[in-house]
Each structure stands twice: as structure tokens, then as C-alpha cells.
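Worksheet: one structure, shown below.
The values are calculated or read from the model by the stated rules, or taken from the named source; none is laboratory data. Just so you know, these numbers come straight off a predicted model, no measurement behind them. Every residue, glycine as well, gets a Cβ built from its backbone with ideal geometry; the counts of neighbours run over all protein chains shown. Heavy atoms of the whole protein, side chains included, go into the accessibility calculation; ligands, DNA and RNA do not. Shrake-Rupley method; radii C 1.70, N 1.55, O 1.52, S 1.80 Å.
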Amino acid sequence: MKYKAVYDVLNERRQTIPGFCYDDRSGWRASPQTYMTMQRPLWIIAEDVAAGRRLWITQEGARFGIAIRRMDEQKQNYGPTYHITCENRTKLAQVLRCQFESKTLAV
């Protein structure tokens, strides 16, 4: 699987943290591939209720990134958005794991 390490981190978090969920809107599995699925092959929105944050895990073109925003009890975003850029899929999975291991927004 193309993004196995990323999905491994997400699934591990989902299995160990109550209320954690993610919505996978990635285009990499789409058949046939369209312009939009090729432009956004990775597009995952994760809600980490325990940590009070929402994460957007993306690949747009050649850029990999994680955007993080605080989330209140009603799942509304607030405050600034923090952006982390990664050079490849492996680094993306490593940074994502570090984010989940941190109790605060580690940017």
C-alpha cells in the first residue's frame, strides 16, 4: 500500500484512543484517476478528541503536510492553524506519530 506507514499510525491511534476517528478522502485508490484524485492523492481529516485537535494529512502534488487546529468539545475549530511540511511519506508518518505522542500541539 502506497501510504502504509501513515495508515498504520492512524489505525494504531484509533485502536488505542477512545473517540479518535479519521475520514479518508484520499484519491490514490480512485479508479479511474481524475485530475483531482491525482492532485490530492492523500487527503485525510483526523479528529483527535482526546487531545482536542483536528489534523489534515495531505499530499498535494509533490508536497506532504500536516495542518493542525485546536478543536473544542463540540468539535468546532478555533485558534490558529499550525502547518508542518514533510519531504516524503516516511517523514510524514514519523511526524504524525510524534504529534500523537505529544500531549500538546508540537509544531
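Restricting attention to region 41-61 and to residues that are small (Gly, Ala, Ser) and under 22 Å from Cys98 (Cα atoms), the residue that is most open to solvent (accessible area, probe 1.4 Å) turns out to be Ala50.
All conditions in (1) modelled with pLDDT of 95 or more; (2) crowded, with 18+ Cβ neighbours inside 10 Å; (3) in a strand (DSSP E or B) hold for Ala93, with the sole exception of (3). Residues that are open to solvent by 70 Å² or more (accessible area, probe 1.4 Å), basic (Lys, Arg) and either modelled with pLDDT under 95 or over 15 Å from the mean Cα position of the chain (by Cα) (or both) do not occur anywhere in region 7-22. Assessment of region 69-90 against the conditions (surrounded by 12 or more Cβ atoms within 10 Å (Cβ to Cβ), among the aromatic types (Phe, Trp, Tyr) and under 12 Å from the mean Cα position of the chain (by Cα)) yields no matching residue. Each residue in region 23-40 was checked for being within 30 Å of Gly52 (Cβ to Cβ) and open to solvent by less than 80 Å² (accessible area, probe 1.4 Å), and 5 pass.
Here is a yes/no grid of residues against (1) over 16 Å from Cys21 (Cα atoms); (2) modelled with pLDDT of 95 or more; (3) in a loop (DSSP other than H, G, I, E, B):
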{"residue": "Arg54", "(1), (2), (3)": "no, yes, no"}
{"residue": "Thr85", "(1), (2), (3)": "yes, yes, no"}
{"residue": "Phe100", "(1), (2), (3)": "no, no, no"}
{"residue": "Lys103", "(1), (2), (3)": "yes, no, yes"}
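Residues that are in contact with a Lys or Arg (Cβ under 7 Å, 6 or more places away or on another chain) and among the aromatic types (Phe, Trp, Tyr): does region 46-63 have at least one? Checked region 46-63: no residue is in contact with a Lys or Arg (Cβ under 7 Å, 6 or more places away or on another chain) and among the aromatic types (Phe, Trp, Tyr).
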